[in-house]
Amino acid sequence: MLGCGIVGSAVARILDAHSDEISERVGARLEIRRVAVRNVGKERDVPLSADIFTNDAASVVSDPSIQIVIEVMGGIEPTRTLLIEAMRSGKHVVSANKELIGSLGRELFDEAEANKVEFSFEASVAGGVPIVRPLKESLAGERVERIMGILNGTTNYILTKMAEDGMEFDQALAQAERLGYSELDPTADIEGFDPAAKLSILATIAFNARVVAGDVYREGITHVTQADILNAHSLGYAVKLLAIAESVDGEIAMRVHPAMIPLTHPLASVRDNLNAIFIEGNEVGELMFYGRGAGGSPTAISVIGDVADVARHIVGGGRGVGVIYSQPAKVRPMDSTVSQYYILLEVADKPGVLAKVAQTFADNDVSIKSMLQEGLGKEARLILVTHNAVERNFQALLAELRTLEVVDAIASSMRVQSAED
Ligand code: HSE
């Protein structure tokens, strides 16, 4: 095992506590032979003898008595090099590293293929929620059309606290950090890098395509306000940081951004730091996977599931499904995406304002679905929701609205993910 932090300690504890059941399921007993850590002397509450710890990770990945390397150390380097060395010395690898797989996954998939070893990474997406193996194996006969996920616990927690407890963004973020949900640098969470990496991993598998985190359009939640959340509720929506991957006309569209989603949609009821993945398939229809997306024990369960799977293959022969690329990945540009939109305009309440605003929508080929005026006189605000529109048209509309004399400000705008197809 490379690393023995929160997830690694939980892996050691569960492997020990559930050892008999696991060995029955696998057909062999699993033993943690060596653990590479930065600080060997550090006190750890794990059922492992002190002499298996080393700070020489290279000696672990080349140890001939080891068959499976569990990577829970995170980071890009030296992790990448160590995993490649492990594969080249014939070891199967189980990793929880979304950052590495989301950016350099293809190199590792190819290396695993070249060395005829397995590379499993269930824990890299949505912690304890089984989604990688269901996509690869249970849905092998399906053509997935769309994946829509809440893939980051920190931001879901923040949005839940803002919606339910009236907390401000900063206060909710501080609480998420205190509870240990966020990454060391919470920018990865609140700016959407973490869910973008996870989405690229899911899209790679679901669409048999080589895509990376950098291909995902990304917006975080720092500009979401209390007013947006309250307006969303009164219009029948919840605000969520959605990660969406779709196959559209042979192209793959991927995006992470805050969105309003109908309160009746199953994803709207995913609260606190929980994760969920909603899948729409051609044949199977709708599926939803829900659970703990972070934390030592849930993530360790995914790691151990992968280890057990690999171990079963070692015992019984055969190899798990690798990562296949049958599609050259054509990433659909964000400006071609179609969505509904919410927009909050500060305007003056006087004759002709609405006509001017409505004409600007029409000129940009954006059709208004509903409109509500709040406030009077100088304090008037228009809350508009559009029908489906093309992103590029919506952006042009925003630019033009900003120039109108009758519009004081665009207080806010957000995509609306509803069933209007
Ligand atoms: N910071 C991540 C989250 C942890 O909030 O979901 C799991 O990747």
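The slack in the chain from Ser367 to Ala409, taken as 0.36 nm per residue of separation less the alpha-carbon distance, amounts to 13.1 nm. Here the calculated FRET efficiency for Ser89 and Arg146, from their Cβ-Cβ distance with R0 = 56 Å, stands at 0.90, rounded to the nearest 0.05. Summary of packing: across the peptides 329-339, 373-383, 243-253, the per-residue average of other C-beta atoms within 10 Å ranks them, highest first, as 243-253, 329-339, 373-383. Applying 1/(1 + (r/R0)^6) with r as the Cβ-Cβ distance of Lys330 and Asp110 and R0 = 22 angstrom yields a FRET efficiency of 0.65. Note the angle between two axes, namely the Cα long axis of helix 193-206 and the longest principal axis of the Cα atoms of the chain, as a number of degrees from 0 to 90, rounded to the nearest 10. Relative to the chain, helix 193-206 is tipped by roughly 70 degrees. Between Asp249 and His233, the distance separating the two model label sites (each 7 Å from Cα on the Cα→Cβ line) works out to 4.0 nm. Taking only the alpha carbons of the range 132-292, we obtain Rg and Dmax values of 15.5, 46 Å in that order.
Compute the acute angle (0 to 90°) between the alpha-carbon long axis of helix 391-403 and the principal axis of greatest extent of the alpha-carbon atoms of the chain; round to the nearest 10°. Orientation of helix 391-403: about 50 degrees from the principal axis. Compute the separation of the alpha-carbon centres of the range 235-287 and the range 81-116 and state it in Å as a whole number. Here the two parts' Cα centres lie 30 Å apart. In this label model, Met288 and Arg25 are separated by 2.5 nm, measuring between points 7 Å along each Cα→Cβ vector.
Here the peptides 117-124, 150-157 are ranked by packing, the mean other Cβ count within 10 Å, and the order with the highest first is 150-157, 117-124. When you count the other C-beta atoms within 10 angstrom of each residue and take the mean per peptide, 1-7, 312-318 line up highest first as 1-7, 312-318. If a/c stays under 1.5 just call it rounded; otherwise compare a/b with b/c (prolate if a/b is bigger, oblate if not). Do that for the range 334-416, with a ≥ b ≥ c from the square roots of the Cα gyration tensor eigenvalues. In terms of gyration-tensor shape, prolate. Taking a spot 7 Å from the Cα of Ala419 along the direction of its beta carbon, which residues of the range 238-269 have an amide N less than 18 Å from it? Within reach of a label on Ala419: 238, 260-269.
Rg and Dmax, both from the Cα atoms of the chain and both in Å, are 23.9, 82.
Relative contact order of the chain: 17 percent, from C-alpha pairs under 8 Å at least 6 residues apart in sequence.
Where a number appears in this text, it was derived from the coordinates with a stated rule and is not lab data. This one's a predicted model, so the numbers in the text were calculated from it and none came from an experiment. All Cβ positions, even for glycine, are placed from backbone atoms using ideal geometry, and neighbour counts span all protein chains on display.
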